[in-house]
Structure formats: structure tokens, C-alpha cells
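The values are calculated or read from the model by the stated rules, or taken from the named source; none is laboratory data. Since the structure is predicted, the reported quantities are computational estimates derived from the model, not experimental observations. Note that we place each Cβ from the backbone using ideal geometry, even for glycine, and neighbour counts take in every protein chain shown. Surface areas here come from the heavy atoms of the whole protein model, side chains and all, with no ligands, DNA or RNA. Shrake-Rupley method; radii C 1.70, N 1.55, O 1.52, S 1.80 Å.
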Amino acid sequence: MSPLERIAIDEFVVPALPRGVKQRLELLVAADLPGPLTLTALVVRGGEPGPLLLAVAGVHGNEYEGMEAIRQLYEALEPAQMRGAFVGIPAANPLAYAARTRATPPEIDGLNLARVFPGVAKGTLTPRLAHHLLGLVERSVGPDDLFIDLHSGSHDVAFAPLIGFRDVPGAATARAEEAARHFGLPRLWRIPDSPGPFNAETARRGIPTLGTETTGRAGCESEDVDAFTAGLANLLSFLGIHAGSGSPPPRLDGPARRTVDVLAPAGGFLRSPVRLYDHLLAGAHLGEIVDIDGTMVAQVEAPTDGEVWAWRATPAVRPGESIGMIAETNPHSRKH
């Protein structure tokens, strides 16, 4: 295979790319390393002008479903059948991907890319990477376009398949919510705002932004990949970029649900009967944390009425770590 064409990431602009072609590009992020740091971009640009769908996966290096969905969609698309463009970046943190880890390896800086946006132009590598990625989205995605940040569960926490948008004010949020309703997943997530994640920073800047989660656990279940691939194709249809080969799913109606995190009140071994999709009432017993000899050190209660959308898959917990996430069915039930 011939080498990919390499351009500086800050020089990547979609209107400058040729129309009517598919191409794989290398985006140079940093050259001042033992080896250059580059991101692979998969680009399909139709022959006619139109919107852009920009999809990024691999902000965490061991979340594989979004990576494979981007590759599969790229292979299936034909520029002659498109207007506008699709751009996919399968591995936003190639260092974490190479190490098969969630975060950048400790010998580089050990940072979690999803917690350092908007990043900095100078500094350690992970914040620099965040800075360049955010710049790419800011100059590429306008009000008629869409950015999607594909995530999945970690080694420790499994997620229900979710499509969501950040709960921030502005016209871009309404557009993102409508797009999310056409993605094809049955659970619509109103993601709480927070500093640091990629999709939070883009949404706060008025960029139409979606985020996903699914089972994960550093696996790559075919049904999750298929759901993400179909969802991306549905977004192309929603945007008018590509009509697709079949009928899009019906628009998802019903409320977008906010979530409440359940955090470990102490460290130890979690004993819990809870499973994904369980329905709970506020104050319900969720489990207990015991120390190494079995002595109970803390009990865990449900902070709200709701459905379990994420839950701990490994029993060892540290204080403050995630045990799970509950989607509210009655916001007024939340415990304070």
C-alpha cells in the first residue's frame, strides 16, 4: 500500500479537498517527537456541495466500536451518490490506541484525552492533541453540519447503547437533539454539561454535537458496531448527504433523559445485584462495599428514580469511582 498523503492538521479544510473522491489522509499533529504523531482521516466528498458529517472515535484508545463503524461506513460510501462530505477519524488518540489503553501511556503524560479539552497549543502531548482536534472541528463544522464523538464503555463499566447531546443552551442543541432522534438507538440521553470532554467543549461553542455510548469493556461486539454504522448512515440521510439504501428508522419520540452518576462512597469490593436496564426507586439498595476481610464499609443507594444505563462490571472500586449511571424517570425524585 502506498503511503498516505500527509498534511498538517491545522491546514486540513474540507472545501480544499477534491470533490467526487474517497481518500485516506495523514494529519500531522506533532513532529517534535521520536516519531511524528499523525491522525488518519477517512474522507468521502461528493460531487456537489452540501453538509458535512464529521465523526471521531478513539478518544479513548480501547473503545473500538466507533473506530470500526467509521471504517465500515467509509468502505461502503460512493462519492457519486453523495452531496457534501463525510470525514471520519477512527483513532483520535493513536498513542492510547497503540497501547490498548484508555488514556495516553504514562511514559508520555498519562492523561485522559476526554478530560483535557480545550487543550493548549504548547505543553505535554495530550493537551496539544486536544487543542488541534478542537481546532479542526471548529473550522470544519458549521450550523448546517454535524459532529459526533463516538464512545463506549470502559473495562470497568458497561453501558446501554445511547445516543445523546449535551445539555447546554443554544440553537445548536436543538439541532443536535433532532439529529439524535434519527440515529436509530432507542435511548436518548440529555448529557449533563461538564468541563473537559471533547463533545462538551464543541457543544458549548455552538457546534451541533452528538455523543454515544455502548457496551464497550474493551471488546467490539458486532451488534454494537452494526448499530453505530447504521446510525452514522442515518445521520448522512438526515443531513441530506446520502440517501442510503433502505428506509431510515422512525423518528424517536419521547423525552431525552438526564442521568445521575452513582459514585463509590468508599474503596473496596462492590457487592451489587443491579444490572443494566433495571428500574429503580430513589433510595433503593444498590449494594454494599466491603473491605478485604468482608467487613462492610459503605452502602450504596439509588440517588433517583430511573433506569440503569451504565453499571459496574468489575467489583473493585476506589473512592469516587463510577459505579454506574441512572437515567431519571422522575427528576423530582432525586435525593439531595
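Considering only residues of segment 55-101 that are among the polar types (S, T, N, Q) and not in a loop (DSSP other than H, G, I, E, B), which is least open to solvent (accessible area, probe 1.4 Å)? Before the answer, list the steps.
In the first step, residues of segment 55-101 are kept if they are among the polar types (S, T, N, Q); the result is 62, 72, 81, 93, 101.
Add one more test, that the residue is not in a loop (DSSP other than H, G, I, E, B), and what stays is 72, 81.
Details: Gln72: 74, Gln81: 118 Å².
That would be Gln72.
Looking at this structure, is Ser247 under 25 Å from Ile70 (Cα atoms), surrounded by fewer than 17 Cβ atoms within 10 Å (Cβ to Cβ) and not acidic (Asp, Glu)?
Details: under 25 Å from Ile70 (Cα atoms): yes; surrounded by fewer than 17 Cβ atoms within 10 Å (Cβ to Cβ): yes; not acidic (Asp, Glu): yes.
Taking the combined requirement at face value, the residue satisfies it.
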- Message: Against the condition open to solvent by less than 10 Å² (accessible area, probe 1.4 Å) and either in contact (Cβ under 8 Å) with a residue 12 or more places away in the chain or among the polar types (S, T, N, Q) (or both), how does Gly196 come out, does it pass?
- Response: yes
- Can you spot a residue in segment 30-42 that is farther than 20 Å from Ala179 by Cβ, part of a strand (DSSP E or B), in contact (Cβ under 8 Å) with a residue 12 or more places away in the chain and open to solvent by 40 Å² or more (accessible area, probe 1.4 Å)? yes
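Residue-by-condition table, conditions (1) in contact (Cβ under 8 Å) with a residue 40 or more places away in the chain; (2) of a type in the set (S, T, N, Q); (3) over 25 Å from Ala41 (Cα atoms); (4) out of contact with any Ser or Thr (no Cβ under 8 Å at 6 or more places or on another chain):
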| position | (1), (2), (3), (4) |
| --- | --- |
| Val137 | yes, no, no, no |
| His151 | yes, no, no, no |
| Val157 | yes, no, yes, no |
| Ala171 | no, no, yes, yes |
| Ala174 | no, no, yes, yes |
| Asp224 | yes, no, no, no |
| Gly231 | yes, no, no, no |
| Asn234 | yes, yes, no, yes |
- Task: Could you figure out which of (1) touching a strand residue (DSSP E or B) at 6+ places or on another chain (Cβ under 6 Å); (2) open to solvent by 50 Å² or more (accessible area, probe 1.4 Å) isn't true of Ile323?
- Result: (2)
- The one condition in (1) surrounded by 13 or more Cβ atoms within 10 Å (Cβ to Cβ); (2) within 26 Å of the chain's Cα centre (by Cα); (3) under 21 Å from Phe159 (Cβ atoms) that Gly287 fails to fulfil: (2)
- Message: When the residues of segment 118-129 are narrowed to those that are among the hydrophobic types (A, V, I, L, M, F, W, C) and touching a residue at least 24 places away in the same chain (Cβ under 8 Å), which ends up farthest from Gly35 (Cα to Cα)?
- Response: Leu129
- Within segment 258-269, can you find the residues that are open to solvent by 50 Å² or more (accessible area, probe 1.4 Å), under 24 Å from the mean Cα position of the chain (by Cα) and not hydrophobic (A, V, I, L, M, F, W, C)? Arg258, Asp261
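Might you check whether a residue that is among the β-branched types (Val, Ile, Thr), within 23 Å of Thr214 (Cα to Cα) and at pLDDT 95 or above occurs anywhere in segment 28-35? It would help to see each step written out before you state the result.
Taking segment 28-35 first, the residues among the β-branched types (Val, Ile, Thr) are 29.
Still in the list and also within 23 Å of Thr214 (Cα to Cα): none.
Checked against the condition, which is being among the β-branched types (Val, Ile, Thr), within 23 Å of Thr214 (Cα to Cα) and at pLDDT 95 or above, segment 28-35 yields no hits at all.
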- Query: Do any residues in segment 265-292 that are free of Cβ contacts under 8 Å to residues at least 12 places away in the same chain and under 22 Å from Ser333 (Cα atoms) have Cβ atoms under 6 Å from those of residues that are not aromatic (Phe, Trp, Tyr) and not in a loop (DSSP other than H, G, I, E, B), where the two are at least six apart or on different chains, and which pairs are they?
  - Reply: none
- Message: Cβ-Cβ under 7 Å, sequence separation 6+ or interchain: first residue in segment 7-19 and under 11 Å from Ala30 (Cα atoms), partner part of a strand (DSSP E or B) and β-branched (Val, Ile, Thr). Which pairs?
- Response: Ile9/Val29
- Could you please let me know if Ala316 is open to solvent by less than 80 Å² (accessible area, probe 1.4 Å), in contact with a Gly (Cβ under 7 Å, 6 or more places away or on another chain) and at pLDDT 95 or above? no
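Is it the case, given these coordinates, that Arg115 is in contact (Cβ under 8 Å) with a residue 12 or more places away in the chain and either crowded, with 18+ Cβ neighbours inside 10 Å or more than 16 Å from the chain's Cα centre (by Cα) (or both)? Show your work before the answer.
Numbers: in contact (Cβ under 8 Å) with a residue 12 or more places away in the chain: yes; either crowded, with 18+ Cβ neighbours inside 10 Å or more than 16 Å from the chain's Cα centre (by Cα) (or both): no.
So Arg115 does not fit the description; no.
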- Message: I'd like to check something: does segment 121-130 contain any residue that is open to solvent by 20 Å² or more (accessible area, probe 1.4 Å) and either in contact with a helix residue (DSSP H, G or I) (Cβ under 6 Å, 6 or more places away or on another chain) or within 19 Å of Glu65 (Cβ to Cβ) (or both)?
- Response: yes
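crowded, with 21+ Cβ neighbours inside 10 Å and charged (D, E, K, R), is that true of Arg45?
Values: crowded, with 21+ Cβ neighbours inside 10 Å: yes; charged (D, E, K, R): yes.
Judged against the criteria, Arg45 is a match.
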